[in-house]
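What follows is calculated from the coordinates using simple rules that are stated; it is not laboratory data. This structure is a prediction, so every number in the text was calculated from the model and none was measured. FYI the Cβ positions are ideal-geometry reconstructions off the backbone, even for glycines, and counts take in every protein chain you see.
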Amino acid sequence: METTFRAWDVSRYGGPDVLTPVSRPVQTPTATQVLIRIRASAVSRADGLMRAGQPKFARLFLGLRRPRAGLSGTCFSGDVVAIGDDVTEFRVGDAVFGEAGLQFGANATYIRVDQAGSLLKKPDSVSYEEAATLFDGAMTSWHFLTRIANVQPGESVLILGGSGSLGTAAVQFAKALGANVTASASARNAELLRSLGADEVVDYKAEDPLKRGVTYDVVFDTIGISSFGTAKPALRRGGRFICPVLGLRLLRDMIVTGLFGSKKAKFAAAGMSKPAVHREELAEVLALMAEAKFSPVMDRTYPLADLVEAHRYVETGRKRGNVVVV
Ligand SMILES: NC(=O)c1ccc[n+]([C@@H]2O[C@H](COP(=O)([O-])OP(=O)(O)OC[C@H]3O[C@@H](n4cnc5c(N)ncnc54)[C@H](OP(=O)(O)O)[C@@H]3O)[C@@H](O)[C@H]2O)c1
């Protein structure tokens, strides 16, 4: 095994250029840790925001003046190459995937994580590239649709931003939950969304998906382009507006709608769920993959050495589904 590993340092907030390649010593896992040789890691929109230290209030968790963790990347997949003395759940040779959370350091060649963290065995049928993305779009959309909006069969769901990492997962999940699915996308992505199961695709460049005189039980704004206020007329009685992008307006709308009215605004930080919850929800997502009801949409794959390029591409806001580095 190598004595050093490659990673990407982020020691100040900023654009993709703040990412700097570094080499660090590979350390022996502690009693409850697992050492993983990483095969693939995700480059998500959220990774870009954390690198930039945006929104600013997120720096309360990430580090006030500079990123506390100092390394890039949250979601990874790979192979277990060493385990601590007390590790019971994993063995050397296991293929795994997981989320480093605020520890970061997933855009690297090795990572050490605790066995009790967000770490699972990777099914053979799921590629390393696909597995590296599951904690981003798939986990977040599944959590929002099932735990936050509680989508029921026969309900009508509008997904804003249907072609992103969260959106492409949300279209498939809403369909699997038995909902009638409308998704917004530009014309170039319409066919993709139909192939994922969308009953209707609205070209957001041609018309405002929230102003068509159609109402929904759930509006899932996956990229934070609307608000509860603009979505409210498109919500039915008892309707839920769910959005994974937190801002002060959404916070206020959650508090107010929590007290008054039948239409609700909701947010959650899916990544902050307890590992046991992660495991339960991931088991459900993997079951859908096994039934061919869900498959992560893969856009570009870059070598780890081209992480800056990968961040630049994600930053365009034009990616379709997921981007990984290998
Ligand atoms: N709360 C949580 O736990 C949590 C977890 C993970 C992620 N997030 C957040 O979720 C957000 C979504 O991330 P993502 O990775 O899914 O986004 P993304 O992949 O970067 O979204 C890109 C897609 O959005 C489409 N798009 C852009 N503008 C649009 C518009 N006005 N209407 C409809 N589609 C539009 C683009 O299609 P075109 O090129 O055709 O325009 C592109 O395909 C991020 O802000 C991330 O931080 C939150």
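Here are the numbers for the structure shown:
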quantity	calculated
Taking all pairs of distinct alpha-carbon atoms in the range 135-270, Kirkwood radius in angstrom	14.4 Å
Across LYS205/LYS232; LYS175/LYS264; LYS56/LYS122; LYS121/LYS264; LYS121/LYS274; LYS211/LYS264, pairs whose alpha-carbon gap is larger than 28 Å	LYS56/LYS122; LYS121/LYS264
Rounded to the nearest 20 debye, dipole of the chain from Cβ charges on Lys, Arg, Asp, Glu	1220 debye
Kirkwood hydrodynamic radius of the range 258-300, Cα pairs, Å	13.3 Å
37 °C / 0.692 mPa s Stokes-Einstein diffusion coefficient of the range 233-281, Kirkwood radius on C-alpha pairs, µm²/s	270 µm²/s
Net charge, LYS263 excluded, C-beta distance under 15 Å - Lys, Arg +1, Asp, Glu -1	+3
In nm, spacing of pseudo-spin labels at VAL92 and LEU248 (7 Å Cα→C-beta vector)	5.5 nm
Convex hull volume per residue in cubic angstrom - Cα atoms of the range 86-141	104 Å³
Cα-centred dipole magnitude for the range 250-326, charges only on beta-carbon of K, R (+1) and D, E (-1), debye, nearest 20	340 debye
P(r) weight above 38 Å for the chain, C-alpha pairs, percent	14 percent
Inverse of mean 1/r across different Cα pairs in the range 25-154, Kirkwood, Å	15.6 Å
Karplus (6.51, -1.76, 1.60) ³J(HN,Hα), θ = phi - 60°, over the range 75-90, in Hz, Gly and Pro reported as x	10, 9, 9, x, 10, 6, 10, 7, 9, x, 4, 9, 6, 10, 8, 10
LYS122 long-range amide H proximity, modeled H, under 5 Å	ALA95, VAL96, PHE97
Order of PHE173, PHE260, PHE228 under a 10 Å beta carbon neighbour criterion, fewest first	PHE260, PHE228, PHE173
Net length gained if the chain between ALA268 and ARG236 were fully extended (0.36 nm per residue, minus Cα distance)	9.4 nm
Placed amide H near VAL26: partners under 5 Å, 5+ positions off or other chain	THR4, PHE5
Leading residue at positive end of dipole, the range 178-326 (Cβ point charges), from LEU307, ILE225, LEU193	ILE225
Cα convex hull of the range 147-203 - mean projected area over all directions, nm²	3.4 nm²
Separation between Cα centres of the range 182-223 and the range 22-37, rounded to whole Å	44 Å
Cα shape, the range 36-86, gyration tensor, a/c 1.5 rule	oblate
Cα long-axis angle, helix 165-176 against the chain (0 to 90 degrees, to the nearest 10)	60 degrees
Rg/Rg_ref, the range 1-94, where Rg_ref = 2.2 N^0.38 Å and atoms are Cα	1.24
Positive-end residue, the range 84-201 charge dipole about Cα centroid, Cβ charges, pick of THR146, THR182, GLY162	THR182
